[in-house]
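To keep things clear, I will list the structure first and then write my remarks on it.
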Amino acid sequence: MKNRLTPLRRAQLAKIHIAKKELGLDDETYRSMLWTIARVRSASDLDSHACARVLEHLKSRGFTGIRARKEVEGRPHNLDASPQLKKIEALLTDAQRPWAYANGVAKRMFSIDRVAFCGPEQLGKIIAALSIDQRRRKSITTAKESSDE
């Protein structure tokens with residue numbers, strides 16, 4: 001007779017495997033951790049209490065258990081952590097430009113492939129460049145509207 005998994009146990013095992021992937025654990029490290037915490041070599045051998053202990057250990061090592069947002073056309077994963085990245089997103093939205101545009105600015109200005117890899121000083125310079133572009137576009141629009149009258 002096959003061993004059936006309850007929905008709770010299945011969810012716990014899924015979280016353990018998601019944590020393994022999120023933390024970047026290789027198989028040997030993962031199995032060593034299981035052995036150290038619960039004296040098993042496979043997550044399928046864990047009971048519910050051992051699953052809870054393993055999950056607590058993984059959380060102490062940085063697993064959040066919160067689903068990451070899918071990246072949208074180069075949108076940085078750390079957007080919520082940086083007010084500067086939020087400002088860049090607002091300027092891009094105003095200009096109706098994709099994140100690839102900001103990544104191109106970072107590449108041209110600093111030889112860094114993605115805005116997400118820039119430091120605070122570099123982000124400030126990208127914001128300045130995008131703000132100058134915004135003012136230029138608005139002055140062109142204003143001049144065009146004046147000439148139409």
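The values are calculated or read from the model by the stated rules, or taken from the named source; none is laboratory data. As the structure is a computational prediction, the values presented were derived from the model and not from experiment. Backbone-built Cβ (ideal geometry, glycine too); neighbour counts: all protein chains shown.
Can we say residue 90 is of a type in the set (A, V, I, L, M) and either closer than 30 Å to residue 29 by Cα or modelled with pLDDT under 90 (or both)? Talk me through it step by step, then tell me what you get.
Numbers: of a type in the set (A, V, I, L, M): yes; either closer than 30 Å to residue 29 by Cα or modelled with pLDDT under 90 (or both): no.
Considered against the rule, which asks whether it is of a type in the set (A, V, I, L, M) and either closer than 30 Å to residue 29 by Cα or modelled with pLDDT under 90 (or both), residue 90 comes out as no.
Would you be able to say whether some residue in region 34-48 is at pLDDT 90 or above, part of a helix (DSSP H, G or I), among the polar types (S, T, N, Q) and out of contact with any helix residue (DSSP H, G or I) (no Cβ under 6 Å at 6 or more places or on another chain)?
yes
What do you reckon, is residue 104 part of a helix (DSSP H, G or I) and either loosely packed, with under 14 Cβ neighbours inside 10 Å or in contact with a Ser or Thr (Cβ under 6 Å, 6 or more places away or on another chain) (or both)?
no
Scan region 96-147 for residues that are free of Cβ contacts under 8 Å to residues at least 12 places away in the same chain and of a type in the set (S, T, N, Q) and jot them down.
96, 111, 139, 141, 142, 146, 147
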